[in-house]
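Only one structure is covered here, and it is reproduced in the block below.
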Amino acid sequence: MKLKSPLAGVLLAASLALSLTACGGGDDDGGSNVVVANPAAFTKTDTTVGTGVEATTGKTATVTYTGWLYSATAADHKGTQFDTGSLSYAVGSTQLIAGFDQGVQGMKVGGKRTVLVPSNLGYGSTGNSQGTVRIPPNAGLVFDISLTAVK
């Protein structure tokens, strides 16, 4: 298509960019559309109450976890899984998203907990596209967390 003026080209490019943003295009999600949703509030639910040392500010917690995008339509709110693994971190630090850290605080070793994280305690309006973890902007998250050690 031949454009009649440079401004028309700019407007066309802007229109295409907005169209891709609105439909979720532009990211490498294999063509699937991700619906962004949020839990009404931060919640943590113990599925197993631990009996060991408690994770408190300043201690190092070791956890295993699985993370999903929050889904308002799934019975357990677990939408697309985005990550699973284990890690150690200083509880109460800014090493991890606030919702994950708040979810770990107060757990005891041997405990398992499901945490619903609204986007403002997760990756917020910017989302996260670093590495293999891709979180859309304003997405709520769900984590299953097991506390395996506290030092």
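The values are calculated or read from the model by the stated rules, or taken from the named source; none is laboratory data. Here the structure is a predicted model, which means the values were calculated and not measured. As a convention, Cβ positions derive from the backbone with ideal geometry for all residues, glycine included, and neighbour counts pool all protein chains shown.
Here are the numbers:
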{"item": "Cross-chain or 6+ apart pairs with Cβ under 6 Å, the range 114-132 first and under 23 Å from residue 46 (Cβ atoms) and assigned by TED's automatic domain parsing to the domain that holds residue 81, then assigned to a loop (DSSP other than H, G, I, E, B) and among the polar types (S, T, N, Q)", "result": "118/38"}
{"item": "Leading residue by the ranking (surrounded by the most Cβ atoms within 10 Å (Cβ to Cβ)) among those in the range 129-151 that are among the hydroxyl-bearing types (Ser, Thr, Tyr) and not in a strand (DSSP E or B)", "result": "129"}
{"item": "Restricting the range 97-110 to residues that are on the phi < 0 side of the Ramachandran plot and not in a helix (DSSP H, G or I), the residue that is surrounded by the most Cβ atoms within 10 Å (Cβ to Cβ)", "result": "107"}
{"item": "Pairs with Cβ under 7 Å, 6+ apart, first in the range 64-81 and over 13 Å from residue 38 (Cβ atoms) and in the same structural domain as residue 99 (by TED's automatic domain parsing), second part of a loop (DSSP other than H, G, I, E, B) and at pLDDT 95 or above", "result": "78/71"}
{"item": "Qualifying position, being among the β-branched types (Val, Ile, Thr), part of a strand (DSSP E or B) and surrounded by fewer than 20 Cβ atoms within 10 Å (Cβ to Cβ), among 94, 126, 66, 57", "result": "66"}
